[in-house]
Amino acid sequence: MLQQKTGNKMKKDIILSGVGGQGILSIATVIGWAALKEDLHLKQAEVHGMSQRGGDVQSNLRISSEPIFSDLIPKGECDIILSLEPMEAMRYLPWLSKRGWIVTNTTPFVNIPNYPPMEELMSRMDALPNVITLDCDSIARETGSPRSSNMVLLGASAAVMDIIDPDRLREGIKAVFARKGDAIVESNIAAFNAGLEMSKSIKK
């Protein structure tokens, strides 16, 4: 299990990454809602880059059954890098623990002139022991909700985020998106479910 335990203690450190406009904040909000409903402690570092659409976005999300004293994840101790963009996933590799997972969208967001070749990025990821890669954009389109690639990614992460049950994350989606109406809620849950099922089939 990925869960770090000492007795009944549980902890999960997650780095969320991507670029502005991809929906990183929505993922953080759903996970945070679900964690609090599970009576877990939660700390989130300030999200960076939101002032610039298309700019780098990163957030530290720390979840534990015990009080948390810092909102920043030390290098080498991150349990999951959850990224909506493949290059951004690799940017935070120094923070990943030896047993940690990368769960990333494979669709690139080319916002810099020297963006590395996808073959190079995927080769580096394939060399890592714990990686789930999936085309969240295509999966979202297949579910009929092309703007829900972030919920596809959240679903994929549920396969390794064993501190929070997938059903609780679904409840979080309902709570966060309720004001947008039932159709949006259901489309986001469909995207979440598709990501979860896909990740089970490709999980290393």
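What to note about this one:
- Site pair Glu119 and Arg179 shows an inter-label distance of 4.8 nm when each label is modelled 7 Å from Cα along Cα→Cβ.
- Sorted ascending by nearby beta carbons within 10 Å, beginning with the fewest, Arg62, Arg170 become Arg170, Arg62.
- Under the Debye formula (equal points on every Cα, no solvent term), log10 I(q)/I(0) of the chain at q = 0.07, 0.08, 0.09, 0.19 Å⁻¹: -0.18, -0.24, -0.30, -1.48
- Neighbour counts of other Cβ atoms within 10 Å put Leu134, Leu82, Leu36 in the fewest-to-most order Leu36, Leu134, Leu82.
- Using equal-weight Cα scatterers in the Debye expression, the normalised intensity of segment 86-184 in log10 at q = 0.10, 0.17, 0.18 Å⁻¹ is -0.34, -0.89, -0.97.
- Within the chain, percent of DSSP bridges classed antiparallel, to nearest 5: 50
- You can think of it this way: the chain between Leu93 and Glu77 has 4.7 nm of extra reach, that is 0.36 nm per residue less the Cα-Cα gap.
- Computed across segment 18-123, the Kirkwood hydrodynamic radius from all distinct Cα-Cα pairs reaches 14.7 Å.
- Each residue of segment 62-74 was assigned a 3J(HN,Hα) from its phi angle through the Karplus curve 6.51 cos²θ - 1.76 cosθ + 1.60 (θ = phi - 60°); the sequence is 10, 10, 7, 7, 10, x, 10, 9, 9, 8, 9, 7, x Hz, with glycine and proline shown as x.
- Note on the chain: with charges restricted to the Cβ of Lys and Arg (+1) and Asp and Glu (-1), its dipole about the Cα centre is near 320 debye.
- A simple rule links phi to the HN-Hα coupling: the Karplus curve 6.51 cos²θ - 1.76 cosθ + 1.60 with θ = phi - 60°, which for segment 26-40 gives 5, 4, 4, 5, 5, 4, x, 4, 5, 4, 5, 5, 8, 6, 9 Hz, with x for Gly and Pro.
- Options Gly23, Phe109, Ile164, ranked by Cα towards positive dipole end of the chain, top entry (Cβ charges): Ile164
- Sequence of Phe109, Phe177 once ranked by neighbouring C-beta atoms within 10 Å, starting from the fewest: Phe109, Phe177
- Value of relative contact order over the chain, rounded to a whole percent, pairs C-alpha under 8 Å and six or more apart: 21
- Karplus-derived 3J(HN,Hα), 6.51/-1.76/1.60, for each residue of segment 158-175, Hz, glycine and proline x: 5, 5, 10, 8, 6, 7, 10, 5, x, 5, 5, 5, 4, 4, x, 4, 4, 5
- For the chain, built as a Gaussian network whose Cα springs stay under 10 Å, the top-fluctuating residue of Leu128, Leu169, Leu153: Leu128
Read-outs: derived from the displayed coordinates by stated rules, not from any lab. Since we're looking at a predicted model, the values are computed, not measured. A quick note on method: Cβ atoms are made from the backbone with ideal geometry, for glycine too, and the neighbour counts reach across all protein chains shown.
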